[in-house]
1. Go ahead and estimate [θ] at 222 nm for chain B from helices alone: -39,500 (n - 2.57) per DSSP H run with n ≥ 4, summed, over the residue count, rounded to 500.
2. Roughly speaking, to the nearest percent, how much of segment A:19-229's 1.4 Å accessible area is carbon and sulfur?
3. For segment B:22-31, just list the computed ³J(HN,Hα) in residue order, Karplus coefficients 6.51, -1.76 and 1.60, θ = phi - 60°, integers in Hz, with x standing in for Gly and Pro.
4. Could you identify which residue out of B:214, B:16, B:38 has the top mean-square fluctuation in a GNM of chain B using Cα springs shorter than 10 Å?
5. How large is the convex hull of the C-alpha atoms of chain A per residue, in Å³?
6. Any chance you could give the angle, 0 to 90 degrees and rounded to 10, that helix A:197-223 forms with the longest Cα principal axis of chain A?
7. Give me the dipole magnitude in Debye, nearest 20, for segment A:19-229 about the Cα centre, with unit charges on the beta carbon: positive for Lys and Arg, negative for Asp and Glu.
8. Taking only the alpha carbons of segment A:189-265, what extent do you get along each of the three principal axes, in Å, biggest first?
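The values are calculated or read from the model by the stated rules, or taken from the named source; none is laboratory data. Computed from a predicted structure; not experimentally measured. Ideal geometry is used to build each Cβ from the backbone, glycine not excepted, and the neighbour counts take in all protein chains shown. For the accessible areas, the whole protein counts, side chains as well, though only heavy atoms, and no ligand, DNA or RNA atoms are used. Shrake-Rupley method; radii C 1.70, N 1.55, O 1.52, S 1.80 Å.
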Amino acid sequence: MEYFLQQLINGVTLGSIYGLIAIGYTMVYGIIGMINFAHGDIFMIGAFSGLIVIVGLGALGLGSAGGLIVVAIIGAMIVAAAYGWALERIAYRPLRGSFRLAALISAIGMSILLQNYVQLAQGARVKPLQPMIEGGFVLMQKGDFTVNLSYLQIIIVGTTIALMTGFSLLIAKTSIGRSQRACEQDMKMAALLGLDVNRTISLTFMMGAALAAVAGMMFLIYYGVIDFFIGFLVGIKAFTAAVLGGIGSLPGAMLGGLLIGLIETFWSGYFTVEYKDVAAFAILVLVLIFRPTGLLGRPEVEKV
Amino acid sequence: MTAPLLAVDRLTMRFGGLVAIDAVSFHAENQKITSIIGPNGAGKTTVFNCLTGFYKPTSGRLLLTTPKGEFHLERMEDFRINQRAGVARTFQNIRLFPAMSVLENLMVAQHNKLMRASVWSLAGLLGLGAYRRAERDAVELGRYWLERIDLIDRADKPAGDLPYGDQRRLEIARAMCSEPRLLCLDEPAAGLNPRETLLLNDLLRFIRDEHNAGVLLIEHDMSMVMEISDHIVVLDYGRKIAEGDPEAVRNNPAVIRAYLGEDEEESA
């Protein structure tokens, strides 16, 4: 029971990070129908940008831990959004009219490019960050096993809930959200109603990237180490989460992220840590076989 | 004499060797309903596609003159044709945003206005008064059109669930919410029953008389065209073969020949 509770807490925390990244995959797929395989690397860029801000300001002796993190998150969001914008502008927009595979190949190329660029600029070794937020609650104790809920976990899950709520409202209620949904359903018609489709698509990339940057910051502070390659595995898992939830569906991405986080944590808790990735991807295979539209995805309706 | 709302000047559109429109010129006036008729394949929809930026014309000019200025539509990007020049269109097949609510469909058409009011969402995110007011005005305009087309009770239903005739009128209302100067309608009466066609006629007259806009209409339903048009342009094989008021067009021998497919030798 105690063990289960601890795994649940850890799983929800990890799932929050996956969920935030998965939103970027699902929104971009929704609007232009492509999988942005460089999205995981935007997450990595976000983590690095945050680390640079923290180390830089820390070296100058500025600010408390809390203030540093807030500044770092905002900085990481801005940098990642700029990368997201540039990615779309340089690698995807020129290929929009061409066959679908072209953009996909371009995305994989951009992913490799970003990894190598960060490897060259920042070095290949892992970058550590000493713990910035320590302490927490002890929820239960039995023998020498304690169930911990750290402040950091509360912050991660709380921030995720706040961001997802805000983001859902943005999509549902604001004019920007409406224009995104309109472009998703009929891009040409949206243009004929005066919507700047290119700008809407750019904005979608920037929003997804900013959310991924927040996830990157959480990853950095939670695990304390990052390297240039973290975007690959985490990105693929977040993509799995988006597919599991139903790609193109916003609540689906959040649910999928949570489920993948839980599956991975429970698998490593009760079976073997070595096979936790296998467990997560086995889910992807099973979903694609038995429910290709995902848990909350709409069945593809043939356009007339 | 003031410049016409739309002046189409020797518009030509070639697809490879096929000449879809061959040097067609006509005018459409403000607060008039101008119809483009002709047999299938005459190039009517191609004219619309040139007007709304789907195609870049091979040659010719499309000049729109409004109080905001003169616009060369053939040189403008698709979304600016609506945003700047104020040209809106509907399609032969219905293209609503089916998963959005009826009211949201009308709100989307007012996006640019709302974005300006919200200073590109900064004010919107902060919930400032100016944005709230703009949003309220947009809802107001949406409800005005919903009352007009009698769909106010369905405002929050998904647009895709409406009956066909209602979807048609919603599409026109949506186009009107972008506050266009020129409204281009591609076969709006197609698939409507006679009662729905009458409702449509009322709506078009209302737009013409009350909304300071010109209407350009492609239609196969001749009784409707003859009833509501102020001016008719007849196309056949990409050429203009006649134009004038309904009475003149109805009695024009070239038009009769095009429609009845009279044989040249027999008539000689």
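1. Taking each H run of at least 4 residues, the total per residue is -11000 deg cm²/dmol.
2. With neighbouring chains kept in place, the figure for segment A:19-229 is 69 percent.
3. 10, 6, 8, 10, 6, 10, 10, 9, 5, 6
4. Highest fluctuation of the listed residues: B:16.
5. 148
6. Long axis of A:197-223 versus the principal axis of chain A: about 10 degrees.
7. Dipole about the Cα centre, nearest 20: 460 debye.
8. 48, 25, 16 Å, listed from the longest principal axis down.
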